[in-house]
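Here the structure is laid out as structure tokens; the discussion comes afterwards.
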């Protein structure tokens with residue numbers, strides 16, 4: 001009997017290890033997702049000061065079509081490299097957008113004003129992005145949907161009013177499930193999923209997909225050796241028209 005229990009325990013341990021190890025390989029960049037180029041021909045990156053000084057000529061000449069640049073966080077923080085990154089990126093062939101890291105500790109309106117103060121309107125710019133995810137103590141003690149929604153909506157409304165376009169909402173699978181699922185149907189979603197093609201339980205479609213945080217390209221030399229990789233959910237023709245004509 002004891003022998004059977006030991007054997008059963010070993011089998012269970014092997015099954016659990018088989019489930020855990022592949023996930024670890026994904027997170028450590030040993031195994032990488034590579035979305036089909038025929039299905040997702042439009043590629044891009046997102047960057048912040050962690051990528052250090054970026055040679056935008058070098059970066060833009062690689063196999064990418066767009067970039068989202070970190071601009072602001074909360075009601076007062078501005079990424080130290082944003083002004084340089086934004087001004088240089090718009091000189092390239094890339095479509096350029098900027099993103100704001102949403103804080104749970106200040107009002108949505110003042111956060112939007114912080115972004116507006118840093119990001120001037122440019123021709124053919126991508127919509128502003130509000131990054132909604134967990135950080136710090138909120139990883140273990142997240143706020144309720146009602147608490148977040150009140151300020152998030154104020155932020156989105158203010159940005160839409162100023163830029164005359166609906167912002168994109170960036171989310172992880174966990175933050176989407178807790179704060180966005182079933183709501184915000186009028187906003188495009190940029191979702192992070194480094195293990196599989198994202199699918200939403202509420203049936204909606206994503207517009208941008210961050211499929212890897214372990215990409216490597218030439219043209220940057222920051223403390224972060226990797227760069228986030230993304231795809232657009234559509235054809236090159238769709239992307240040329242985006243966001244004026246959205247994919248149904």
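Derivation of every value follows stated rules applied to the coordinates shown; laboratory data play no part. Computed from a predicted model, the values in this text were never measured in an experiment. Cβ coordinates were reconstructed from backbone atoms using ideal geometry, including for glycine residues, and neighbour counts include every protein chain displayed.
To the nearest 10 degrees, how steeply does helix 2-27 sit against the main Cα axis of the chain, on a 0 to 90 scale?
The angle comes out near 20 degrees.
Using only the alpha-carbon atoms, how far is helix 145-163 inclined from the longest principal axis of the chain? Give it as 0 to 90 degrees, nearest 10.
It is inclined by approximately 30 degrees.
How much of the DSSP bridge set in the chain is antiparallel, in percent, rounded to the nearest 5?
On the way: 12 of 36 bridges.
Looking only at bridges with both residues in the chain, the antiparallel portion is about 35 percent.
Residues in the stretch 209-225, backbone N under 15 Å from the label point at residue 197 (7 Å along the Cα-to-beta-carbon vector): list them, ranges by number please.
Counting only backbone N, you get 209-211.
Within a 10 angstrom radius of the beta carbon, how do 125, 229 rank from fewest other beta carbons to most?
Numbers: 125 18, 229 24.
Ordered by Cβ neighbours within 10 Å, fewest first: 125, 229.
Taking the Cα atoms only, what angle lies between the long axis of helix 108-118 and the longest principal axis of the chain, rounded to 10 degrees?
That works out to roughly 60 degrees.
Looking only at Cα atoms, what is the convex hull volume of the stretch 34-95 per residue, in Å³? Intermediate values should be presented prior to the final figure.
Values: hull volume 6.6 nm³, N = 62.
Measuring per residue, one finds 106 Å³ for the Cα hull of the stretch 34-95.
For the chain, set up a GNM with springs between Cα atoms under 10 Å and report which of 77, 66, 232 has the largest fluctuation.
Residue with maximal mean-square fluctuation among 77, 66, 232: 77.
Rounded to the nearest 500, what is the chain's calculated 222 nm mean residue ellipticity when only DSSP H runs of at least 4 contribute -39500 (n - 2.57) each, over all residues? The partial results should precede the final answer.
Working: 6 runs with 75 residues, N = 248.
-9500 deg cm²/dmol, from helical runs alone.
Cut-off 10 angstrom, C-alpha nodes, Gaussian network model of the chain. Which of 141, 85, 124 fluctuates the most?
141
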